[in-house]
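Beneath this line is the structure, given in structure tokens, with notes to follow.
The values are calculated or read from the model by the stated rules, or taken from the named source; none is laboratory data. Model, not experiment: these values are computed from the prediction. Here the Cβ is made from the backbone with ideal geometry for all residues, glycine too, and neighbour counts use every protein chain on show. Quick note on the areas: whole protein, heavy atoms, side chains included, nothing else; ligands and nucleic acids left out. Shrake-Rupley method; radii C 1.70, N 1.55, O 1.52, S 1.80 Å.
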Amino acid sequence: VEASNRAAPKRGRLSRRRLLAGGAIAGASLPLLHELIPHEGLHGGGSATAEAAGGHGSHGGPAGHGPLHADFRDGADVDHVANGFDPSEILRDFDEGRTTRLPSGRILREWDIVASDKEIEVAPGVKYAAWTYNGRVPGPTLRCREGERLRIRLVNGSDHPHTLHFHGVHSAFMDGMPGIGENRGGGQIEPGGSFVYEFDAEPFGVHLYHCHVAPLAAHIAKGLYGLFVIDPAGGREEADELAMVMNAFDTNFDFANEVYAVNSVGFHYQRHPIQIRRDELVRIYLANLTEYDPVNSFHVHGNFFHHYPTGTSPEPIEFTDIVVQGQAQRGMLEMRFAKPGLYMFHAHVTEFAELGWSGFFEVS
Amino acid sequence: MEAGPRSQPLSRVPSWALGVAPLVLLAAAAALFFGLGAPGLDERNGVPVEELAVERTVLRPGEIEMTVRNDGPDPVRVEQVSVNDSYRPFAGGGEIGRLGSSTISVPYPWVEGEAYELFLLTSTGATVTATIDAAAETPSVDAGFLGLMGLLGIYVGVIPVAIGMIWLPFLRRVGAGLIRGLLAFTVGLLAFLGLDALLEGLEVAGSGPQAFGGAALVIVGAAVAYLALAGVDARMRARTERARREGGSPMHMATLIATGIGLHNLGEGLAIGSSYAAGALALGAFLVVGFAIHNTTEGLAIVAPLADSKPRPARLIGLGLLAGAPAVLGAWLGASAYNPSLVAFLFGCGIGAIAQVVVQLAPSVRDRVAGRLDGTAVAGLLAGVAVMYATGLLVSA
């Protein structure tokens, strides 16, 4: 209830009429501009409202004056090198760990994950003292296959106690819960400590992991989370796969977020559109790790997708252009783009969209 | 005995050198301290403190402009700006040094009458919020605007005061007792204005940056005006021998009252001008009539000490302008160059001036025989307060 109260004052409108600021548009050619016109038509409501606000009387910025949609200031970008990760690369960076074969013939898959404290830039010029897994937010996208044996070694290099809590099927001692399993070396992992989580990869689907140390909201909001993808034993159809974690940052510690994003940097994919090939199957592993707001959503322009909630069923439940997720909810989206152009995607909790959670697919 | 030989060497040193020597030493010590990198002191305890105060907001078609001042001890970097929870590209911002300011301009299709909340996101993720309660275009300062503000100042300042002064012939016919009552009325009236200015000054001071003193500016302004008027008063007394013999000339007293009221009306003009500029003031006939009634009594206060004298009309006009014209100046200043620190200081000046006038008037309110407050004086004082209170309800600027 409190969270929804906090969210209430946030309001805003989206105008999608501008293409892109600065160099981000460099790759877009004139035909692409034409493609944008029908996609605007799909969302005339939003644009028309924003235009009406600006268009009547002497007030407001008519087209050609001022920005046509929300964005950070011109000319400045986040220093991805200093951050140690680039959202454009995180997108297709699936960490499959190391594999060996057990005497039984099963595959053993192992990862090493280090928790550490690190300042990251979440908007150009704006730093946030994050807590990270392997130096990035979100943490590595762990990818495995149904039925494998998994071993994940957590080394706590942070100044604070942490755990790895997986959403999946496993024993209580492997749950990453403080107070459970300390006598066996698990539970809450203190600074300098380490622990190996071991369990089977089940069930297949799109899952996640995060820290479960109290205060819980703070440990998650600071950046300790990541995607955990278990492929079905038979695999899935070949696709251009994208890992997207919807997240946000409470930079001023008022239990409400100032910057919203997919994969941590606000407006990143708006300024650096995701390159997509025409007619190719696109599969998005989407999770909502936004703290302090009860729901987040994903909406794509000019297209519809098949929605597989939690990715645990081979059949989609819905053909839609919007999916709403509560905290820690996740799913799989599959779509193809038939025509080239710039297609926006953004939270249709529109105030999030205008506070950073907006991007483009650039189809060619 | 011992002091003699010791002071011998110093007696050749010129006095100015003795006066300057400690300052030279201070400068040398400071240079040494800096040169050695402040030995023994850590840089700071804790994180830098970021404080920004919004000084002025200007709305133009399609644009919101905000002037912010760094109020805290550390530099602040303004990195992003949001309007109603939507980030917008903008000009300005960046690093703002201590006491420095920056004007941030955000293109935004604002709509008249709607409310806006802006937040500035600093490099550390801190936010500074500014609200616009009801958006209205900020008038640009051109001849037409200055003319309008001038007219407004004349309506609420000059004309009412002049009308109030027309009570002078009436005052000449009434008895000394009633005059004393009217002087008491003037004191009550001024006391109310002083209190009003104090409260308003403190409110303005609280809203603006604190780096320049905040509420202290009101007090400093009051002290400056009080002492300045006391100085002027002393000079006037010294010059007019006759006045000194008679214990202060009526004209002299009227001038002091007019000055005090003038400084008060400067504050009133500031309030009107800045409210108008912010779109928070409806320029209706009601407002003008309210101010007229409120300020007419000020005219009466000015002429009250003149009942027994026959000043030239030119001097009366001069007094009227002294008391009323600052409203015009205030309206111009308030609408075009609003700065909370300056306004707080000017409100303080008004308070100091009024205090000085009250001190000057107080003796003539007392019963001349018994030397204390009688019924007439008390009734006058209360009436002054009551009239100001009641007419003050008519206006809110």
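Got a sec? Which strands (runs of 3 or more DSSP E) wholly within segment A:192-232 have at least 1 residues that are closer than 24 Å to A:Arg143 by Cβ and more than 17 Å from the chain's Cα centre (by Cα)?
Where strands (runs of 3 or more DSSP E) fall fully within segment A:192-232 and carry at least 1 residues being closer than 24 Å to A:Arg143 by Cβ and more than 17 Å from the chain's Cα centre (by Cα), they are A:194-200, A:225-231.
Output the residues belonging to segment B:299-323 that are out of contact with any Pro (no Cβ under 7 Å at 6 or more places or on another chain) and open to solvent by less than 60 Å² (accessible area, probe 1.4 Å).
Across segment B:299-323, the qualifying residues are B:Leu300, B:Ala301, B:Ile302, B:Val303, B:Ala304, B:Ala307, B:Pro311, B:Leu316, B:Gly318, B:Leu319, B:Gly320, B:Ala323.
For B:Asp133, are the conditions met, namely being without any contact (Cβ under 8 Å) to a residue 60 or more places away in the chain, away from chain A (no Cβ under 12 Å) and open to solvent by 50 Å² or more (accessible area, probe 1.4 Å)? Full working, then the answer.
Working: without any contact (Cβ under 8 Å) to a residue 60 or more places away in the chain: no; away from chain A (no Cβ under 12 Å): yes; open to solvent by 50 Å² or more (accessible area, probe 1.4 Å): yes.
It is false that B:Asp133 is without any contact (Cβ under 8 Å) to a residue 60 or more places away in the chain, away from chain A (no Cβ under 12 Å) and open to solvent by 50 Å² or more (accessible area, probe 1.4 Å).
Just give me the residues in segment B:149-183 being within 25 Å of the chain's Cα centre (by Cα), over 21 Å from B:Leu316 (Cβ atoms) and touching a residue at least 60 places away in the same chain (Cβ under 8 Å), in sequence order.
The answer is B:Met149, B:Gly150, B:Leu152.
Name the pairs: first residue in segment A:258-286 and in contact (Cβ under 8 Å) with a residue 60 or more places away in the chain, second residue among the aliphatic types (A, V, I, L, M) and in a loop (DSSP other than H, G, I, E, B), Cβ to Cβ under 6 Å, at least 6 apart or on different chains?
A:Tyr260/A:Leu355; A:Ser264/A:Val137; A:Val265/A:Val78
List pairs: first residue in segment A:68-92 and farther than 25 Å from A:Leu286 by Cα and within 14 Å of another protein chain (Cβ to nearest Cβ), second residue surrounded by 17 or more Cβ atoms within 10 Å (Cβ to Cβ) and among the small types (Gly, Ala, Ser) anywhere in the structure, Cβ distance under 8 angstrom, at least six positions apart or on different chains.
Taking only residues 6 or more apart or on different chains, the pairs are A:Leu68/A:Ser15; A:Arg73/B:Gly93; A:Asp74/A:Ala21; A:Ala76/A:Gly125.
Could you grab me the full set of residues in segment A:238-259 that are touching a Pro at 6+ places or on another chain (Cβ under 7 Å) and within 10 Å of chain B (Cβ to nearest Cβ)?
none
Residue by residue, here is whether (1) surrounded by 23 or more Cβ atoms within 10 Å (Cβ to Cβ); (2) under 27 Å from B:Phe212 (Cα atoms) holds:
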{"residue": "B:Met66", "(1), (2)": "yes, yes"}
{"residue": "B:Arg69", "(1), (2)": "yes, yes"}
{"residue": "B:Arg77", "(1), (2)": "no, yes"}
{"residue": "B:Val81", "(1), (2)": "yes, yes"}
{"residue": "B:Arg88", "(1), (2)": "no, no"}
{"residue": "B:Ala91", "(1), (2)": "no, yes"}
{"residue": "B:Leu99", "(1), (2)": "no, yes"}
{"residue": "B:Ser102", "(1), (2)": "no, yes"}
{"residue": "B:Glu114", "(1), (2)": "no, no"}
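In segment B:188-240, which residues are assigned to a loop (DSSP other than H, G, I, E, B) and either at positive phi or not hydrophobic (A, V, I, L, M, F, W, C) (or both)? Working first, answer last.
Kept after step one, since they are assigned to a loop (DSSP other than H, G, I, E, B), are these residues of segment B:188-240: B:208-214, B:240.
Result: B:Gly208, B:Pro209, B:Gln210, B:Gly213, B:Gly214, B:Thr240.
Name the single residue that is least open to solvent (accessible area, probe 1.4 Å) among those in segment B:22-50 being closer than 30 Å to B:Gly125 by Cα and of a type in the set (A, V, I, L, M, F, W, C).
Checked segment B:22-50; the qualifying residue least open to solvent (accessible area, probe 1.4 Å) is B:Val49.
In this structure, is A:Glu238 open to solvent by 20 Å² or more (accessible area, probe 1.4 Å), closer than 25 Å to A:Gly97 by Cα and without any contact (Cβ under 8 Å) to a residue 60 or more places away in the chain?
yes
State whether one or more residues within segment A:142-151 are buried (at least 23 other Cβ atoms within 10 Å of the Cβ), more than 23 Å from the chain's Cα centre (by Cα) and touching a residue at least 24 places away in the same chain (Cβ under 8 Å).
Looking through segment A:142-151, at least one residue is buried (at least 23 other Cβ atoms within 10 Å of the Cβ), more than 23 Å from the chain's Cα centre (by Cα) and touching a residue at least 24 places away in the same chain (Cβ under 8 Å).
Looking only at segment A:299-320, count how many residues are of a type in the set (Val, Ile, Thr), open to solvent by 10 Å² or more (accessible area, probe 1.4 Å) and either assigned to a loop (DSSP other than H, G, I, E, B) or closer than 15 Å to A:Phe337 by Cβ (or both).
Result for segment A:299-320: 3.
Can you pull out the residues in segment A:321-364 that are open to solvent by 10 Å² or more (accessible area, probe 1.4 Å) and closer than 20 Å to A:Gln270 by Cα?
Restricting attention to segment A:321-364, the residues satisfying the condition of being open to solvent by 10 Å² or more (accessible area, probe 1.4 Å) are A:321-322, A:324, A:326-330, A:334, A:336, A:338-340, A:343, A:348-351, A:362, A:364.
Residues satisfying the conditions are A:Asp321, A:Ile322, A:Arg336, A:Lys339, A:Pro340, A:Tyr343, A:His348, A:Val349, A:Thr350, A:Glu351, A:Glu362, A:Ser364.
Might you let me know whether segment B:44-60 holds any residue that is at the interface with chain A (Cβ under 7 Å from one of its Cβ atoms) and either over 23 Å from A:Ala129 (Cα atoms) or touching a residue at least 12 places away in the same chain (Cβ under 8 Å) (or both)?
no
If we scan segment A:173-182, do we find a residue that is within 23 Å of the chain's Cα centre (by Cα), in contact (Cβ under 8 Å) with a residue 12 or more places away in the chain and assigned to a strand (DSSP E or B)?
no
Could you tell me which numbered condition B:Val128 fails, if it satisfies all but one of (1) touching a Leu at 6+ places or on another chain (Cβ under 7 Å); (2) open to solvent by 30 Å² or more (accessible area, probe 1.4 Å); (3) β-branched (Val, Ile, Thr)?
All conditions are met except number (2).
So which residues in segment A:114-138 are open to solvent by less than 30 Å² (accessible area, probe 1.4 Å) and at positive phi?
Scanning segment A:114-138 gives A:Gly125, A:Gly135.
Within segment B:136-148, restricting attention to residues that are more than 21 Å from the chain's Cα centre (by Cα) and open to solvent by less than 70 Å² (accessible area, probe 1.4 Å), which residue is farthest from the other protein chains (Cβ to nearest Cβ)?
B:Gly147
Could you grab me the full set of residues in segment B:84-125 that are within 9 Å of another protein chain (Cβ to nearest Cβ) and part of a strand (DSSP E or B)?
Selection gives B:Tyr87, B:Arg88, B:Ala91, B:Gly94, B:Val106, B:Pro107, B:Glu117, B:Phe119, B:Leu121, B:Thr122.
Evaluate the following for A:Gly168: is it in a loop (DSSP other than H, G, I, E, B), more than 14 Å from every other protein chain (Cβ to nearest Cβ) and buried (at least 16 other Cβ atoms within 10 Å of the Cβ)?
Criteria met by A:Gly168.
Against the condition under 23 Å from A:Val265 (Cα atoms), small (Gly, Ala, Ser) and away from every other protein chain (no Cβ under 14 Å), how does A:Gly135 come out, does it pass?
Spelling it out, A:Gly135 is indeed under 23 Å from A:Val265 (Cα atoms), small (Gly, Ala, Ser) and away from every other protein chain (no Cβ under 14 Å).
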